[in-house]
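These notes concern the structure reproduced below.
The values are calculated or read from the model by the stated rules, or taken from the named source; none is laboratory data. Quick caveat, the model's predicted, so the values are computed rather than measured. FYI the Cβ positions are ideal-geometry reconstructions off the backbone, even for glycines, and counts take in every protein chain you see.
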Amino acid sequence: MLKQLKEKIQALGFLDHAFLPVSFLQEDEPRLKEWLTKDMHGEMGYMNRNIDKRLDPSLLVENAKTIIVVLLNYFPESAQKDSSAPVLSKYAYGTDYHFVMKDKLKELLQFIQEEIAPCSGRPFVDSAPVLERAWARKAGLGWVGKNSNLISPEYGSFFFIGELIIDIELPYDDPKLVRDHCGRCTKCIDSCPTKAIIADRVVDARNCISYQTIEVRGEMDANLKGQFENRVFGCDICQDVCPWNLKSEPHNEAGFKPHPKLLSLQKEEWKNLERPLFNELFKNSAVKRTGYKGLQRNLRFLSETDDEPR
């Protein structure tokens, strides 16, 4: 049974996975509450809601017994061709990962229901109060690095984390003991242009380029002008410099392949981007999160500075 299930997870294209019993994340409670108390979540008011559910997944699924944690690679084969063009985060090249991962987790749930045992469950992909990195760390799929990203000793950090919570028990994995391999390295901290990583494993979202370009709904922080390193949506700098991402290999997920025009878009084309082309390039993309007006705002913010690409 377990072999059959693990083979299905591999067939769905996941990098790694683990089965864990649902429990309360006691170790993560003080860190989460301190981060929120210091308002480091900025305008992300949803982070301050449902704290009990973030710490206790049994409140999300009735009679929850098992949480299946999965990783899905999104490291691209190719990057943007014009080095002077505004830089898009790698995760936003293709179809919105919420759609891709949720479809895979729904298929996994159906497989369990039909081939393993009748059950109820719910997939989670960064859109509900689940502490995903905490569960992945607890599962032994990696350690949380100094940039607060989960880092896998096998795969680096260019992957998404998802969960499937179900109301039956499965044979649980013995969590691998993954030690912290960051050591004395501070490349991610040193390379963050806005100094958003204010301490080891503490990110002040208010200064983070990803937060500013995606989460902020009004005008971005004028104090950060000239510090975005030409990033227009999201930011990969702290991952790009991480030595563990030398292990990253291109994904083979069709849904994450970029629109044929996207990577060849020149600086001037970005500057003159009009809505029809935006809709074509980003039809099912995570860039829809900020929308055409939001992306225009980000482009104006970059144009008002002397930013140069890294």
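Worth a mention:
- Glu62 vs. criteria in contact with a helix residue (DSSP H, G or I) (Cβ under 9 Å, 6 or more places away or on another chain) and in a loop (DSSP other than H, G, I, E, B): no
- Cβ pairs under 6 Å, 6+ apart, first in region 250-268 and farther than 16 Å from Phe14 by Cα, second surrounded by fewer than 17 Cβ atoms within 10 Å (Cβ to Cβ) and not hydrophobic (A, V, I, L, M, F, W, C): Leu263/Ser78; Leu263/Lys81; Ser264/Lys81; Gln266/Asp82; Lys267/Asp82; Lys267/Ser84
- All told, Leu12 falls short of being closer than 19 Å to Ala139 by Cα, touching a residue at least 60 places away in the same chain (Cβ under 8 Å) and over 18 Å from the mean Cα position of the chain (by Cα).
- Restricting region 89-143 to residues that are part of a strand (DSSP E or B) and in contact (Cβ under 8 Å) with a residue 40 or more places away in the chain, the residue that is surrounded by the fewest Cβ atoms within 10 Å (Cβ to Cβ) is Arg122.
- Looking at Met40, Met47, just one residue is surrounded by 14 or more Cβ atoms within 10 Å (Cβ to Cβ), free of Cβ contacts under 8 Å to residues at least 12 places away in the same chain and either among the aliphatic types (A, V, I, L, M) or not in a loop (DSSP other than H, G, I, E, B) (or both), and that residue is Met47.
- Within region 199-211, one or more residues are under 19 Å from Pro243 (Cβ atoms) and touching a residue at least 40 places away in the same chain (Cβ under 8 Å).
- Restricting region 144-186 to residues that are β-branched (Val, Ile, Thr) and modelled with pLDDT of 95 or more leaves a set whose member that is surrounded by the fewest Cβ atoms within 10 Å (Cβ to Cβ) is Thr186.
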